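The values are calculated or read from the model by the stated rules, or taken from the named source; none is laboratory data. On a predicted model such as this, the values are computed, not experimentally measured, just so you know. Note: ideal-geometry Cβ built from the backbone for every residue, glycine included; neighbour counts use all protein chains shown.
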Amino acid sequence: MPLRIAHIGAGEWSRYAHGPALERLAAQSVVSLELICDLQIERARQFRDLFRYRLASDNIHASLAEARPDVIVCTVQPAATAALVKSLLPLGIPLFIEKPPGVSLAEATSLAAASIVANVPTFVAFNRRSIPSIVRLKQWAAQHAVRFARVEMLRTNRLEPDFAIATGIHVLDALRFLMGDPNSIAVTPYLRDNSAACDYSVRLVFPNSAVAEISMMLNTGLRRESYFLSAQGATAEAVLGSAYSSPLCYQGDREWSEERIVSENPLANDPQIDGGFIGEYEAFFRALAESEPSPCSLSDAARSMQLAEAVLTRYSGPLPPLPFS
């Protein structure tokens, strides 16, 4: 039977990523789209008609009773995430949650603790974990002792003061996915004239002495997100697709040895696949079907928020355990 979906949040990102992904899964009878909720009822109705949901509402809790969902998808603004998720956890329904899990480490750890008490499966949508190039990079890392990683997140005209938490958290989470949890962080900010936004250079050190260096640059005239892993005598790299990299950049993943490319994979040229949007839903639904732990729960996501808040607050030093660890 298809999973019954109630979806909260019909904003721009939801329209770009989540609506199309869920519509495709509905066409495959993986899900049935029962309800879209948004505080702006006209936006909810437009979303319903565009992606073929059954109901549209601006009253979340009242409409959930009619929809009887198996999974609730939460794709609201970060500032609204913590309060909404806390109100939904007592329902006992699995939650798929757009990143970041709140706007601070305090909110993220509070949500993680509440989800543990409620014993509710949760999944935070760090889509890089489901991008095929990053999945292959993780497979490569499992076969090689990674000594060094370099990551670039280059953007243009993204001068938001909260960039590290709202967007930069993606590369920090992807590195955790690829290499595990670091035990220390060093952050160097580069202030911008007439702006509260910063560029950042970040260095992570892992328990096995591997090192990762990250550049977050907010206005480069170029858009690129790239991951480079190096081991003894071998290297692998992945550059994300057109949503994250300018068209003239190399996009895809490849492996190097003896100064030659030994494996190369192009993009699928399908934004839903290359962006990891289909994959992240499939990963959560598979875990639910097999009664397995969520591969990206609120508890796991809080560790990525710890790194993002360290960058935002320009903290350097050891990374202490989180209270629910």
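Okay, here's what the table says:
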item: Positions within the range 46-60 being surrounded by fewer than 18 Cβ atoms within 10 Å (Cβ to Cβ) and either outside any strand (DSSP E or B) or under 24 Å from the mean Cα position of the chain (by Cα) (or both), in sequence order; result: 46, 49, 50, 52, 54, 58, 59
item: All strands (runs of 3 or more DSSP E) inside the range 195-313 with 3 or more residues being farther than 27 Å from residue 161 by Cβ and hydrophobic (A, V, I, L, M, F, W, C); result: 224-231, 234-239
item: Subset of the range 4-16 (residues that are touching a residue at least 12 places away in the same chain (Cβ under 8 Å), surrounded by fewer than 22 Cβ atoms within 10 Å (Cβ to Cβ) and under 22 Å from the mean Cα position of the chain (by Cα)); result: 11, 13, 15
item: Hey, residue 275 under 22 Å from residue 172 (Cα atoms), within 13 Å of the chain's Cα centre (by Cα) and small (Gly, Ala, Ser) or not; result: yes
item: Only one of 211, 239 that is closer than 22 Å to residue 141 by Cβ, under 20 Å from the mean Cα position of the chain (by Cα), of a type in the set (Val, Ile, Thr) and surrounded by 13 or more Cβ atoms within 10 Å (Cβ to Cβ); result: 239
item: Some residue of the range 28-38 being among the polar types (S, T, N, Q), under 22 Å from the mean Cα position of the chain (by Cα) and under 29 Å from residue 274 (Cβ atoms); result: no
item: Single residue of the range 244-280 satisfying the filter (touching a Phe, Trp or Tyr at 6+ places or on another chain (Cβ under 9 Å) and of a type in the set (Gly, Ala, Ser)) that is surrounded by the most Cβ atoms within 10 Å (Cβ to Cβ); result: 276
item: Any hit, the range 222-232, residues being under 16 Å from residue 307 (Cβ atoms) and either in the same structural domain as residue 132 (by TED's automatic domain parsing) or touching a residue at least 40 places away in the same chain (Cβ under 8 Å) (or both); result: yes
item: Residue satisfying all of: in the range 61-79; part of a helix (DSSP H, G or I) and at pLDDT 95 or above; surrounded by the fewest Cβ atoms within 10 Å (Cβ to Cβ) among these; result: 79
item: Residue check, residue 26 touching a Cys at 6+ places or on another chain (Cβ under 8 Å), surrounded by 16 or more Cβ atoms within 10 Å (Cβ to Cβ), among the small types (Gly, Ala, Ser) and in contact (Cβ under 8 Å) with a residue 24 or more places away in the chain; result: no
item: Test for residue 87: is it in a helix (DSSP H, G or I), surrounded by 15 or more Cβ atoms within 10 Å (Cβ to Cβ) and touching a residue at least 12 places away in the same chain (Cβ under 8 Å); result: no
item: Selection from the range 135-169 of residues that are part of a helix (DSSP H, G or I) and surrounded by fewer than 22 Cβ atoms within 10 Å (Cβ to Cβ); result: 135, 136, 138, 139, 140, 141, 142, 143, 166, 167
